[in-house]
Amino acid sequence: MNPNTSAATTAMMTAIARRTLGPARPVRGVTVARGPLMLTDPAALRAAAPEVLAAGAAATAGGDCAGLLVAAFGDPGLEALRAATGLPAAGLGEAALLEAAADGAPFGIATTTPLLADALTARVAELGLSDRYTGLRLTAGAPERLSADPAVLLDRLERAVRACAERDGARTVVIGGGPLGEAAEELRARCAVRIVAPIPAACRALARLLTE
């Protein structure tokens, strides 16, 4: 489930999920009916949570849904979804951060949303990963403008990734954002440092939950 963004972004993220999970696990992309267009600050993140919960309840009403994936890096509504539906659920932020830290190596985050920097650092702490966290590096420019120019977005994200590695000592860099999914995949080929792309990480986490 994706907070209220464009149909093209939902389609892109759904396509990545389908490639990751394969044909044995059908994926249906759902965009919430209301809420912020982009999650760029804490208020938007809070506003998205009840909308994600409502979309999840609707998606599971037919009884044919095996698991849920919250396609937003701040994981809005994730815990509420787990409690309300009883189904396996994964969020981009939780899954990507846990995967990045799994081998004990230092990791950082590269993202486009400066107003969420404190919230993301707090999320790292909530997951008990602060001892491995090297910090967050941001792209230059407004997130809304970057999202409209994929080439510029990729260039500036690559610079943020390199800063994580070269200045902060990160050996793994998490790309912080669902709409950054395609850029994250491209950066894996462009950067020497290990890249954790959030959508595949969440898909892998959900697949593990579905087999437990």
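The values are calculated or read from the model by the stated rules, or taken from the named source; none is laboratory data. Nothing here was measured: the structure is a model prediction, and the numbers come from that model. No Cβ is skipped: glycine too gets one built from the backbone with ideal geometry, and neighbour counts run over all protein chains shown. These area figures cover heavy atoms from the full protein model, side chains too; ligands, DNA and RNA do not enter into them. Shrake-Rupley method; radii C 1.70, N 1.55, O 1.52, S 1.80 Å.
Within segment 189-208, being crowded, with 17+ Cβ neighbours inside 10 Å and assigned to a helix (DSSP H, G or I) holds for 198, 199, 200, 201, 202, 203, 205, 206, 207. The set of residues from segment 73-89 being among the aliphatic types (A, V, I, L, M), open to solvent by 10 Å² or more (accessible area, probe 1.4 Å) and under 25 Å from residue 42 (Cα atoms) comprises 80, 83, 84. Got at least one residue in segment 133-145 being of a type in the set (A, V, I, L, M), within 18 Å of residue 191 (Cα to Cα) and in contact (Cβ under 8 Å) with a residue 40 or more places away in the chain? Checked against the condition, which is being of a type in the set (A, V, I, L, M), within 18 Å of residue 191 (Cα to Cα) and in contact (Cβ under 8 Å) with a residue 40 or more places away in the chain, segment 133-145 yields at least one hit. So for segment 35-45 (the condition being farther than 20 Å from residue 123 by Cα, within 16 Å of the chain's Cα centre (by Cα) and not in a helix (DSSP H, G or I)), does at least one residue qualify? Checked against the condition, which is being farther than 20 Å from residue 123 by Cα, within 16 Å of the chain's Cα centre (by Cα) and not in a helix (DSSP H, G or I), segment 35-45 yields at least one hit. Cβ separations smaller than 6 Å between residues 6+ apart or across chains give the following pairs from segment 190-207 residues that are closer than 16 Å to residue 161 by Cβ to residues that are assigned to a helix (DSSP H, G or I) and β-branched (Val, Ile, Thr): 191/161.
Within segment 146-166, being open to solvent by 50 Å² or more (accessible area, probe 1.4 Å) and in contact (Cβ under 8 Å) with a residue 12 or more places away in the chain holds for 147, 150, 156, 159, 162. Just one of the listed residues (139, 121, 172) is buried (at least 21 other Cβ atoms within 10 Å of the Cβ), under 22 Å from residue 41 (Cα atoms) and not hydrophobic (A, V, I, L, M, F, W, C), and it is 139.
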